[in-house]
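Colleague: Please read through the structure below; I'll follow up with questions.
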Amino acid sequence: MHNVLILGARSPAGLTWARMMAKAGYRVHIAESLGYPLGRFSKYTCTYTRLPPPKQQSKQWLEQLIQLLLREKIDTVIPNCEEVFYLASADALIQQAHPCQLFTSAMSLLTQLHHKGFFAQLTQNWPVTAPETILLTNQAEFTAFKQQKFSADKQWVFKPAYSRFATRTVLCPKTIEYSQLQANPQQPWVAQQYIDGQEYCSYSIIRHGQLVAHSCYHPKYRVGQGAGIYFAPVQQIKIHQFVEHFAAQTHYHGQVGFDFIEDSAGRIYVLECNPRATSGIHFLEQLSQTAQTAIAHAVVQADADLAATQLEMDLLQPAMHNLVMLFTPQTWRFFTQKTFWHDYHRARDAVWQRQDMLPYLIQLIPTAEIVFRAMSLHIDFLAATTVDIEWDGAPLTFY
């Protein structure tokens, strides 16, 4: 039987993959650097292995990952979070020790996509482009930007070139000082023109440049200004066409998400790229079992039919993180909105599944592990979810 290893099993996306792969007839293993990841409690998981944190212990992480690949005779590895960067960087070493499929692109492409400035440059002359984006790597570049670009008639968003969940983003300041950014070559920032409009996000599965599955949604409710927790499905032909163009131009391989904005004139801009799983994956669980199995086969079988699965987004329920919506203090402000409870009752929880209830019922256990980590490291909850796996451009070595 084909053995599939799911990395990033802390995320609901990892749980979705475990369920989808097992139902398609594959033997599912998961590995994580957390002790109690969500996917560990799924009935569809055959084995769970705790790995060292790849960011802090890269060498040990790779050594134990290779031991796992050999022990369980893994055929395909599917990363879901930022461990994808460590996996892609170690590709040659992994293939030397245990040849297998890694569902990821080359590290050179992932770097270009993860870096918000490099990605904006990549989209130039594409059908959908990024807003004007200026890379800032030192005080001289910041000073030149402020003198030449920063004015009252144009608003800007400042964000680290490597970042997630909109952390540290400075949105449309009336004034900005270099001390607020401290940009340098190792920790670059970007200034991106602010576009007012409707937000959209996409999630896609791409195999060697060919689109396998695609979804698009509006992140209607967020925790703060970053992570979305409620996803309303939408049809956006221009976004679908952009993803097809991206796949063909880059020959991308793996999971990828994009953030977009549509202005009042109907023009769509792409803001940034997430070369990993995003919340749009949860719409796949509303497809027929035949369609889900076809997607699973397309990921792991070289000769599988790669006809794209078209999701009729207007026929799907919204998806949400139920417990996050109810118990996160940042979301309580929504409770007084007239539409909130209507939206809440319309949506389908991203974790709940009647045939596999335990992950939903024990969500407080992995949440408590993250809370304890946040308290011990004196960081906020969102930062604690990725502190052991995130990659911000530093050279990676495994020796």
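Bear in mind that the values in this text are calculations on the coordinates, not laboratory data. Owing to the predicted nature of the structure, the values given are computational and were not obtained by experimental measurement. Quick reminder, even Gly has a Cβ in these numbers, built from the backbone with ideal geometry, and neighbours come from all protein chains shown.
Colleague: Restricting to the stretch 228-281, count the residues that are under 15 Å from E82 (Cα atoms) and charged (D, E, K, R).
Modeller: 1
Colleague: How many residues are buried (at least 20 other Cβ atoms within 10 Å of the Cβ) and under 14 Å from L211 (Cα atoms) when one looks only at the stretch 230-252?
Modeller: Residues in the stretch 230-252 being buried (at least 20 other Cβ atoms within 10 Å of the Cβ) and under 14 Å from L211 (Cα atoms): 7 in total.
Colleague: hydroxyl-bearing (S, T, Y), surrounded by 18 or more Cβ atoms within 10 Å (Cβ to Cβ) and over 23 Å from the mean Cα position of the chain (by Cα): is that true of Y26 in this structure? It would help to see each step written out before you state the result.
Modeller: On the way: hydroxyl-bearing (S, T, Y): yes; surrounded by 18 or more Cβ atoms within 10 Å (Cβ to Cβ): yes; over 23 Å from the mean Cα position of the chain (by Cα): yes.
Yes.
Colleague: Another question about this same structure. Tally up the residues in the stretch 1-23 that are in a loop (DSSP other than H, G, I, E, B) and within 20 Å of T278 (Cβ to Cβ), please.
Modeller: Qualifying residue count, the stretch 1-23: 4.
Colleague: Also, I was wondering about something else. Could you check the stretch 46-84 and list, in sequence order, the residues that are within 13 Å of F398 (Cα to Cα) and either touching a Cys at 6+ places or on another chain (Cβ under 8 Å) or of a type in the set (A, V, I, L, M, F, W, C) (or both)?
Modeller: Those that are within 13 Å of F398 (Cα to Cα) and either touching a Cys at 6+ places or on another chain (Cβ under 8 Å) or of a type in the set (A, V, I, L, M, F, W, C) (or both): W61, L62, L65, I66.
Colleague: Grab the strands (runs of 3 or more DSSP E) fully contained in the stretch 24-90, keeping just those with 1 or more residues being over 21 Å from I205 (Cβ atoms) and of a type outside the set (S, T, Y). Show your work before the answer.
Modeller: On the way: elements: 27-32, 47-50, 76-78.
Strands (runs of 3 or more DSSP E) meeting the threshold: 27-32, 47-50.
Colleague: Is it the case that some residue within the stretch 160-168 is farther than 26 Å from Q241 by Cβ and of a type in the set (F, W, Y)?
Modeller: yes
Colleague: Out of the stretch 2-59, which residues are on the phi > 0 side of the Ramachandran plot and out of contact with any helix residue (DSSP H, G or I) (no Cβ under 6 Å at 6 or more places or on another chain)?
Modeller: G25
Colleague: Name the single residue that is nearest to H115 (Cα to Cα) among those in the stretch 148-193 being of a type in the set (D, E, K, R) and out of contact with any Asp or Glu (no Cβ under 9 Å at 6 or more places or on another chain).
Modeller: Selected residue: R168.
Colleague: Something else: Could you tell me whether L68 is in contact with a helix residue (DSSP H, G or I) (Cβ under 9 Å, 6 or more places away or on another chain) and not acidic (D, E)?
Modeller: In short, no.
Residue by residue, here is whether (1) in contact (Cβ under 8 Å) with a residue 24 or more places away in the chain; (2) out of contact with any strand residue (DSSP E or B) (no Cβ under 9 Å at 6 or more places or on another chain); (3) surrounded by fewer than 18 Cβ atoms within 10 Å (Cβ to Cβ) holds:
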position: P99; (1), (2), (3): no, yes, yes
position: A106; (1), (2), (3): no, yes, yes
position: T123; (1), (2), (3): yes, no, no
position: T133; (1), (2), (3): yes, no, no
position: K159; (1), (2), (3): yes, no, no
position: V170; (1), (2), (3): no, no, yes
position: Q182; (1), (2), (3): no, no, yes
position: V190; (1), (2), (3): yes, no, no
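Colleague: Is it the case that I281 is among the hydrophobic types (A, V, I, L, M, F, W, C), surrounded by fewer than 22 Cβ atoms within 10 Å (Cβ to Cβ) and in contact (Cβ under 8 Å) with a residue 24 or more places away in the chain?
Modeller: Working: among the hydrophobic types (A, V, I, L, M, F, W, C): yes; surrounded by fewer than 22 Cβ atoms within 10 Å (Cβ to Cβ): no; in contact (Cβ under 8 Å) with a residue 24 or more places away in the chain: yes.
Taking the combined requirement at face value, the residue does not satisfy it.
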